[in-house]
1. Among Ser103, Ser23, Ser178, which one moves the most in a GNM of the chain with springs linking Cα atoms closer than 10 Å?
2. Can you give me the accessible area per residue for the chain, using a 1.4 Å probe, in Å²?
3. Using a Förster distance of 30 Å, how high is the FRET efficiency between Ala33 and Lys89, based on the Cβ-Cβ distance and rounded to 0.05?
4. What full-extension length gain, to one decimal in nm, is calculated for Ser44 and His80 as 0.36 nm per residue of separation minus the Cα-Cα distance?
5. Could you please tell me the mean projected area of the C-alpha convex hull for the chain, averaged over all directions and given in square nanometres to one decimal?
6. Can you tell me the length gained on complete extension of the stretch Ser182 to Arg132, counting 0.36 nm per residue apart and subtracting the Cα distance?
7. Note the direction-averaged projected area, equal to a quarter of the hull surface, for the Cα convex hull of segment 50-100, in nm².
8. What pairs in Lys59/Lys134; Lys59/Lys120; Lys89/Lys120 have C-alpha atoms more than 21 Å from each other?
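The values are calculated or read from the model by the stated rules, or taken from the named source; none is laboratory data. Computed from a predicted model, the values in this text were never measured in an experiment. Neighbour counts are summed over all protein chains in view; Cβ atoms, including those assigned to glycine, are modelled from backbone coordinates with ideal geometry. For accessibility, only protein heavy atoms count, side chains too; no ligands or nucleic acids. Shrake-Rupley method; radii C 1.70, N 1.55, O 1.52, S 1.80 Å.
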Amino acid sequence: MRSMHTRHLNGLLELELADWKVSRVFRIMAFDAGLLTFKDIKFSRSNENQVYILITNPKNALYKTTHYREPLKRMAQSTHIRLLIFSQKATVKSVQVFVNDLSIGFAVQKTLGSPLYTMKWRAQDYLRGIHRMKVVVKDAEGRVYLETQEFALDDSVKSFKLFPTLLLRGDQIELVSSLSLSLSLSLFLFYHFH
């Protein structure tokens, strides 16, 4: 699934979603302690046993905004990892959490029937740099579902891909004009010196 996401210079995120009609993509969004998290999912009728995992705390490092737009410091002060796990038919049996490829424990369902799973953690162990969280969910049939994301509790951020950033941040008229001028100049120089 292609993603058209970027962070503008003012810290705001632009998060284009593929259309439902052609791509059959939908978005799960959640606010956790004032922090927006989301996941784009490709719908498939043949996958009714699918389990969808959204890590809400800590937030994905790629989608961090600036401190004055979201209360990012709350992640470093948090006492629990929080996950939303959705499934139409699969029964979740275990939710194991890894950070930097080391198992740190199992998340438990907060309330019977709720999609919220939590697990105590020591956020202070991850205060510097970017870390990788992996969640492994096993269902009653023995199927395994994985979700990974990088997070940072300090000011570290991940960068978006160049092409979507250019398209979403730039002025399209200016971009087309620049490309047109560059192409014209290249053709002129090519034919002039050959």
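1. Checking each option, the largest mean-square fluctuation is seen for Ser178.
2. On a per-residue basis, 64 Å².
3. Efficiency for this residue pair is about 0.45.
4. Details: separation 36, 0.36 × 36 = 12.96 nm, distance 3.22 nm.
Contour length minus Cα-Cα distance gives 9.7 nm.
5. The directionally averaged projection comes out at 15.5 nm².
6. Values: separation 50, 0.36 × 50 = 18.00 nm, distance 4.10 nm.
Stretched fully, the Ser182-Arg132 segment lengthens by 13.9 nm.
7. Convex hull of Cα atoms, orientation-averaged projection: 4.9 nm².
8. Working: Lys59/Lys134 13 Å; Lys59/Lys120 16 Å; Lys89/Lys120 27 Å.
The answer is Lys89/Lys120.
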